[in-house]
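For reference, the structure is listed below as C-alpha cells.
The values are calculated or read from the model by the stated rules, or taken from the named source; none is laboratory data. If you're wondering where the values come from, they're calculated on a predicted model, not measured in any experiment. Note that each Cβ is placed from the backbone with ideal geometry, even for glycine, and that neighbours are counted across all protein chains shown. For the accessible areas, the whole protein counts, side chains as well, though only heavy atoms, and no ligand, DNA or RNA atoms are used. Shrake-Rupley method; radii C 1.70, N 1.55, O 1.52, S 1.80 Å.
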Amino acid sequence: MALIRCLECGRDVSDQASACPNCGAPVDTTLAPIAPNKVTYNNGEFDGTSALIMEVAKSAVSQCNYRIDSADAVAGTLTFTTGVTMGSWSGVSGTIAWQETAPYRFKVTGHGKQNVKGGQVLAINLFDEANAKSRNVIEQMMRLTGAKSDEQVPDSATPPSGCLVLLVALAAPALAVGLHFLA
Ligand SMILES: [Zn+2]
C-alpha cells in the first residue's frame, strides 16, 4: 500500500481506496502523485511527506543535542530549545517549519530567539546566534537526507540579518524598562 494525493481535495489517500474518504472523488492511481517513502534533499527543498520530514527534523534536533519542545506534523512545525549559549543564560528557542510547495515537496525554514530570564543582555549578535541554531538543524536535516557536504542552507531559509538589527534596536529599550522595574 502506498499513499497518493487526491487530485480533488489534496489529501493523502491509500492507493487501494476506490474513492477519497475526504471528498468522495474517485481515486485515479495513474495520475495522482505518489508519496515518497523516504525524505531526500534536492535543490534547496525536501521531497517526502510531512510526517517523514517531522522524523528527519526530530533526528536532526537530537543530533545537535537540542531538546524537542513540541512537534506538529499537520502544521509542519517543530520547536526546540538549546542549552545555555554565549548570549543567554537560558538558551535559544528555535522553530523549524516546512511548507509544501508542490506535491510531496517541502521548503524548510527556521528561526530562533534568545531566551532571557532575569539576566541582562549585552551581546550584540543575539538574534543571529539564535537563528544560527535553526540553521544547524536544517543543515543536519540536509546531511541526513543526502545533501552533499558542501551544500549550504538556502539563504531564504533563515531571516535576513537586516531585520534582526531592527529587532535588537526595538528590544533594547523594552529590556531596559523591564530591568528598571526589576531593580
Ligand atoms: Zn479528496
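Starting from the stretch 97-113, take each residue that is over 14 Å from A157 (Cα atoms) and list its partners that are open to solvent by less than 10 Å² (accessible area, probe 1.4 Å) and not in a strand (DSSP E or B), counting only C-beta distances under 7 angstrom and pairs at least six apart or across chains.
Every condition considered, the pairs that remain are Y104/G48; K113/A130.
Would you mind telling me which numbered condition in (1) part of a strand (DSSP E or B); (2) exposed (fewer than 14 other Cβ atoms within 10 Å of the Cβ); (3) not hydroxyl-bearing (S, T, Y) P21 fails?
Condition (1) is where P21 drops out.
If you scan the stretch 3-13, which residues turn out to be surrounded by 13 or more Cβ atoms within 10 Å (Cβ to Cβ) and more than 6 Å from the ligand (Cβ to nearest atom)?
Once the filter is applied, which keeps residues that are surrounded by 13 or more Cβ atoms within 10 Å (Cβ to Cβ) and more than 6 Å from the ligand (Cβ to nearest atom), the stretch 3-13 yields L3, I4, R5, L7, D12, V13.
Do we find a residue being of a type outside the set (D, E) and modelled with pLDDT under 80 anywhere in the stretch 94-114?
Within the stretch 94-114, one or more residues are of a type outside the set (D, E) and modelled with pLDDT under 80.
Residue by residue through the stretch 29-40, note down the ones that are away from the ligand (no atom under 11 Å from the Cβ) and either open to solvent by less than 100 Å² (accessible area, probe 1.4 Å) or over 14 Å from A2 (Cβ atoms) (or both).
Answer for the stretch 29-40, where residues must be away from the ligand (no atom under 11 Å from the Cβ) and either open to solvent by less than 100 Å² (accessible area, probe 1.4 Å) or over 14 Å from A2 (Cβ atoms) (or both): T29, L31, P33, A35, P36, V39, T40.
Restrict the check to the stretch 60-71 and report whether at least one residue is at pLDDT 95 or above, of a type in the set (A, V, I, L, M) and not in a strand (DSSP E or B).
For the stretch 60-71, residues at pLDDT 95 or above, of a type in the set (A, V, I, L, M) and not in a strand (DSSP E or B): present.
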